[in-house]
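Engineer: Pasting a structure below so you can have a look.
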Amino acid sequence: MAQIDPIAHSQKLLDEANQFMERQQWQQAEERFRQVAKNLARKATRSEIAKPILSKALTGWARCLLERGQLMEAMKIARRALSLMPDFEEAQNLFLNALVSLGKWQEAFRQVKRWLKQQSQNWRLHLWAARIEAQLEHWANAIHHLALAIRLSGNQAEPYEVAAQILERKGETKRAILLLKKGLEQIPNSPALWFALGQLQRNLGQLREALKSFEQVLKLGHDTPMLREAMGQICSEIGLTDKAMEHVLSGLEKDPENPNLLDLLAFIYLQKGQTKEALQVMQRLVRLAPTDPVIQFKLATLHHQLNNYAQAIVAYQRTVALAPGTELAKEAQQFLEILDRHQLEQVFMLSMEDPIFRAKLIRNPQEALREKGFLLSESSLEIIRNTDFSQLPKRHGASQRFVS
């Protein structure tokens with residue numbers, strides 16, 4: 001039998017792992033990376049051909065661990081990759097990501113400084129130094145490293161993005177906007193910079209300017225659900241509800257179960273006065289996130305508006321159960337009490353207007369209430385049971401009122 005070439009086989013596994021990574025199937029990708037590392041562990045010590053493949057496998061493995069929240073393991077595997085290729089930028093980034101995710105900012109900073117001594121022209125390391133200095137609120141140092149990253153990167157968008165984020169954190173949003181505009185003079189076809197500019201303009205309340213920036217992102221072919229959500233929100237806020245609907249529906253074509261887009265769609269339907277359509281969308285959301293108390297509360301309020309009292313009560317009760325002790329639960333409880341009082345009043349009014357309903361109340365109150373769609377609290381049910389409806393005055397000729 002012909003022997004399997006370990007290098008060729010490892011490259012095949014590496015390709016498979018990368019395909020799994022593209023689909024965000026982290027566990028399957030990790031299994032392939034592990035196998036490559038196992039195949040080449042010994043060979044890498046004596047083969048210059050195997051070393052880059054092993055380094056890529058180790059960094060891929062580290063990324064999978066990072067994505068799955070296994071930070072300590074990710075750091076160990078990234079360190080193994082760096083022991084093979086100390087200047088490997090992807091491994092450096094993963095190692096630093098793991099450190100900062102663990103909150104080890106000082107350790108990350110010491111590591112960046114060590115690397116910068118050997119790689120003083122590495123703009124990505126300067127960018128990392130800027131991020132860490134900003135986290136430590138060493139603003140002057142952060143700005144210094146940002147300037148170096150921008151100068152050394154050769155018109156890359158990322159340094160401008162990070163610089164704008166840091167300036168915004170520092171409270172200098174207008175300066176951040178000016179910097180992004182300067183970046184766009186150098187890189188006018190960068191969707192990332194146009195999107196970042198739109199976000200900052202929106203934060204300052206410059207909604208129409210933000211919308212124009214987001215439109216540039218679309219023109220550059222970068223159409224994502226997140227972008228459509230941002231554009232839909234702005235259009236909704238400035239009263240362009242038809243345009244807002246168009247953006248949301250476009251986003252949902254790409255991501256039909258996107259909860260943010262569905263929530264926004266329901267709100268736009270409400271803006272347009274289409275409460276029943278809003279309710280249908282909210283019911284889709286509830287199926288996607290049945291344990292979210294905020295969604296349950298919104299569902300309850302829509303049922304309430306449509307006079308679907310029984311359904312509203314059930315959703316308010318779920319809100320209270322899912323978020324006990326919170327302000328949301330207290331508000332839901334208040335609505336439950338209002339609905340209970342309102343229904344009790346309706347029962348008495350209807351009993352005076354509808355002789356058939358009154359007769360049923362006398363014979364079997366619970367069945368009579370169920371048929372009309374009432375859902376009363378135990379205390380209100382007790383009032384009904386203790387009432388002699390045959391003694392109530394009758395209102396002949398009154399219009400019939402029914403509960404949906």
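Engineer: Out of the residues in the range 357-376 meeting the condition of being touching a residue at least 24 places away in the same chain (Cβ under 8 Å) and among the charged types (D, E, K, R), tell me which one is farthest from Ile338 (Cα to Cα). Write out each step before concluding.
Structural biologist: The first filter runs over the range 357-376 and keeps only residues touching a residue at least 24 places away in the same chain (Cβ under 8 Å), leaving 358, 361-362, 372-376.
Pick out the ones that are also among the charged types (D, E, K, R) and you get 358, 372.
Details: Arg358: 23, Lys372: 19 Å.
Among residues in the range 357-376 that are touching a residue at least 24 places away in the same chain (Cβ under 8 Å) and among the charged types (D, E, K, R), the one farthest from Ile338 (Cα to Cα) is Arg358.
Engineer: Pull up the range 342-360, narrow it to residues that are among the charged types (D, E, K, R) and assigned to a helix (DSSP H, G or I), then point me to the one that is surrounded by the fewest Cβ atoms within 10 Å (Cβ to Cβ).
Structural biologist: This residue is Glu345.
Engineer: Pick out, from the range 237-325, the helices (runs of 4 or more DSSP H) lying fully within it that include 1 or more residues that are in contact with a helix residue (DSSP H, G or I) (Cβ under 9 Å, 6 or more places away or on another chain) and basic (Lys, Arg).
Structural biologist: Output list reads 241-254, 275-288, 293-305, 309-322.
Engineer: Let me ask something else. Can you name the residue in the range 155-200 that is in a loop (DSSP other than H, G, I, E, B) and in contact with a helix residue (DSSP H, G or I) (Cβ under 8 Å, 6 or more places away or on another chain) and, of all such residues, is farthest from Leu220 (Cα to Cα)?
Structural biologist: Keep residues of the range 155-200 that are in a loop (DSSP other than H, G, I, E, B), which gives 155-156, 170-172, 187-190.
Still in the running and in contact with a helix residue (DSSP H, G or I) (Cβ under 8 Å, 6 or more places away or on another chain): 155-156, 170, 187, 190.
Values: Asn155: 18, Gln156: 17, Lys170: 30, Ile187: 12, Ser190: 8 Å.
Filtering first and then ranking leaves Lys170.
Engineer: Does the range 384-400 include one or more residues that are modelled with pLDDT of 85 or more, farther than 18 Å from Asn308 by Cα and either of a type in the set (A, V, I, L, M) or part of a helix (DSSP H, G or I) (or both)?
Structural biologist: yes
Engineer: Might you check whether a residue that is more than 24 Å from the chain's Cα centre (by Cα) and part of a loop (DSSP other than H, G, I, E, B) occurs anywhere in the range 204-212?
Structural biologist: Looking for residues that are more than 24 Å from the chain's Cα centre (by Cα) and part of a loop (DSSP other than H, G, I, E, B), one finds none in the range 204-212, hence no.
Engineer: Could you tell me whether any residue of the range 19-35 is within 26 Å of the chain's Cα centre (by Cα), surrounded by 14 or more Cβ atoms within 10 Å (Cβ to Cβ), within 24 Å of Ala129 (Cβ to Cβ) and of a type outside the set (Phe, Trp, Tyr)?
Structural biologist: There is no residue in the range 19-35 that is within 26 Å of the chain's Cα centre (by Cα), surrounded by 14 or more Cβ atoms within 10 Å (Cβ to Cβ), within 24 Å of Ala129 (Cβ to Cβ) and of a type outside the set (Phe, Trp, Tyr).
Engineer: Look through Leu58, Leu84, Leu99, Leu94 and report the one residue that is closer than 27 Å to Ser120 by Cβ and out of contact with any Leu (no Cβ under 8 Å at 6 or more places or on another chain).
Structural biologist: Leu99
Matching residues to (1) surrounded by 17 or more Cβ atoms within 10 Å (Cβ to Cβ); (2) among the aliphatic types (A, V, I, L, M):
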| residue | (1), (2) |
| --- | --- |
| Lys182 | no, no |
| Leu211 | yes, yes |
| Val217 | yes, yes |
| Asp242 | no, no |
| Asn258 | yes, no |
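Engineer: While we're looking at this one, here's another question. Could you say which residue among Ala129, Ala81, Ala149, Ala91 is farther than 22 Å from Leu184 by Cα, over 26 Å from the mean Cα position of the chain (by Cα) and modelled with pLDDT of 95 or more? Write out each step before concluding.
Structural biologist: On the way: Ala81 fails: modelled with pLDDT of 95 or more; Ala149 fails: farther than 22 Å from Leu184 by Cα; Ala91 fails: modelled with pLDDT of 95 or more.
Sole residue among the options that is farther than 22 Å from Leu184 by Cα, over 26 Å from the mean Cα position of the chain (by Cα) and modelled with pLDDT of 95 or more: Ala129.
Engineer: Condition first: part of a helix (DSSP H, G or I) and farther than 17 Å from Asn386 by Cα. Now tell me which residues in the range 361-376 satisfy that.
Structural biologist: First pass over the range 361-376, keeping only residues part of a helix (DSSP H, G or I): 361-363, 365-372.
The answer is Arg370, Glu371, Lys372.
Engineer: Could you check the range 119-167 and list, in sequence order, the residues that are surrounded by 24 or more Cβ atoms within 10 Å (Cβ to Cβ) and over 20 Å from Ala108 (Cβ atoms)?
Structural biologist: Ile150, Tyr160, Ala164, Leu167
Engineer: Return only the number of the condition from (1) in contact (Cβ under 8 Å) with a residue 24 or more places away in the chain; (2) at positive phi that Leu264 does not satisfy.
Structural biologist: (2)
Engineer: Regarding Glu31, is this residue assigned to a helix (DSSP H, G or I) and farther than 20 Å from Asp15 by Cα?
Structural biologist: On the way: assigned to a helix (DSSP H, G or I): yes; farther than 20 Å from Asp15 by Cα: no.
No, not satisfied.
Engineer: Restricting to the range 307-331, what's the tally of residues that are closer than 19 Å to Arg370 by Cβ and surrounded by fewer than 18 Cβ atoms within 10 Å (Cβ to Cβ)? Steps first, please.
Structural biologist: Narrowing the range 307-331 to residues closer than 19 Å to Arg370 by Cβ: 307-317.
Add one more test, that the residue is surrounded by fewer than 18 Cβ atoms within 10 Å (Cβ to Cβ), and what stays is 307, 314, 317.
So the count comes out to 3.
Engineer: Listed residues Arg169, Arg228; which is within 26 Å of Leu265 (Cβ to Cβ), of a type in the set (Lys, Arg) and within 22 Å of the chain's Cα centre (by Cα)? Outline the logic, then answer.
Structural biologist: Working: Arg169 fails: within 26 Å of Leu265 (Cβ to Cβ).
Checking each option against the conditions leaves just Arg228.
The values are calculated or read from the model by the stated rules, or taken from the named source; none is laboratory data. Source: prediction; values computed, not measured. Cβ coordinates were reconstructed from backbone atoms using ideal geometry, including for glycine residues, and neighbour counts include every protein chain displayed.
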